[in-house]
Amino acid sequence: MYRVTGLMKNSGILFGALMLAAAYMSGDPFPPVSMLVVMIIFAIRLFGLRNPSSSLRDISFALLSLFYIPGLLAFQVLLRHNGPQWIIFLYGCVWISDSAAYYVGKSIGKRKLYLEISPNKTIAGAVGSLIGGSLSGWMLNMVLVHSMGAGESFVVGAIIGAVTIIGDLVESMLKRDAGVKDSSGIVPGHGGILDKIDGVLFAGPVLYLVSGILGG
């Protein structure tokens, strides 16, 4: 989205994969190697491009990409350690919340939720996301997780529904700043991969913390 190219782009992709691998092996979403990666990114910019102009911009985009995508995805790697049912629970709640938000918003949504960031999102759609999250949390807990009471599963699902909206809005904010409609053209007609996982990126850390509190 921000048209980072060359050495900084390739370094970001490589170190993003390494950060996920380190999180998997260490059981820590931000292992000490993450700070080493930060230092290396600075050094790559220092020695790879001798012109200091735009150095802060180049480094900022690279580091943001590392902590926004692999950094947040690392919590899903750790969530998987608590059991595969938690991953199904996460994606099921997010997808059902998204679908409920879309159909409720399209049917009865009038008042805009956040016009400056996402003109198509409505308050009714946001309420639909909360309801969809609550119901899916209850159903998926009954079928798969079995770690929560009915009330807890409704609350956890609603939290995921709310966080999903925030994750979606954050990506919309970044896209508007970058002046693009889709994060990439990898998935024609559906936006980029980031458009498909923006809500899950934010919901994953929240569910990981909740599953730990509930003894998952």
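The values are calculated or read from the model by the stated rules, or taken from the named source; none is laboratory data. Here the structure is a predicted model, which means the values were calculated and not measured. Here Cβ is always computed from backbone atoms with ideal geometry, including for glycine, and neighbour counts include all displayed protein chains.
Does any residue of segment 72-81 turn out to be farther than 30 Å from VAL38 by Cα, over 16 Å from the mean Cα position of the chain (by Cα) and of a type outside the set (Ser, Thr, Tyr)?
no
Can you tell me which of TYR68, TYR91, TYR103 is free of Cβ contacts under 8 Å to residues at least 60 places away in the same chain and within 30 Å of ASN141 (Cα to Cα)?
That would be TYR103, the only listed residue that is free of Cβ contacts under 8 Å to residues at least 60 places away in the same chain and within 30 Å of ASN141 (Cα to Cα).
Residues that are of a type outside the set (A, V, I, L, M, F, W, C), in the same structural domain as LEU90 (by TED's automatic domain parsing), crowded, with 19+ Cβ neighbours inside 10 Å and touching an Asp or Glu at 6+ places or on another chain (Cβ under 7 Å): does segment 140-161 have at least one?
Within segment 140-161 (the criterion being of a type outside the set (A, V, I, L, M, F, W, C), in the same structural domain as LEU90 (by TED's automatic domain parsing), crowded, with 19+ Cβ neighbours inside 10 Å and touching an Asp or Glu at 6+ places or on another chain (Cβ under 7 Å)), the answer is no, since none of the residues qualifies.
Can you name the number of the only condition in (1) closer than 28 Å to ILE159 by Cα; (2) within 18 Å of the chain's Cα centre (by Cα); (3) surrounded by 18 or more Cβ atoms within 10 Å (Cβ to Cβ); (4) of a type in the set (Gly, Ala, Ser) that GLY12 fails?
Only one criterion is unmet by GLY12, namely (1).
Tell me, please, whether a residue that is buried (at least 18 other Cβ atoms within 10 Å of the Cβ), hydrophobic (A, V, I, L, M, F, W, C), in the same structural domain as VAL155 (by TED's automatic domain parsing) and not in a helix (DSSP H, G or I) can be found in segment 101-113.
Looking through segment 101-113, at least one residue is buried (at least 18 other Cβ atoms within 10 Å of the Cβ), hydrophobic (A, V, I, L, M, F, W, C), in the same structural domain as VAL155 (by TED's automatic domain parsing) and not in a helix (DSSP H, G or I).
For (1) in contact (Cβ under 8 Å) with a residue 12 or more places away in the chain; (2) more than 15 Å from LEU78 (Cα to Cα), each residue gets a yes or a no:
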position: PHE15; (1), (2): yes, yes
position: ALA22; (1), (2): yes, no
position: MET25; (1), (2): no, no
position: LEU36; (1), (2): no, yes
position: ARG45; (1), (2): yes, yes
position: GLY48; (1), (2): yes, yes
position: LEU56; (1), (2): no, yes
position: ILE59; (1), (2): yes, yes
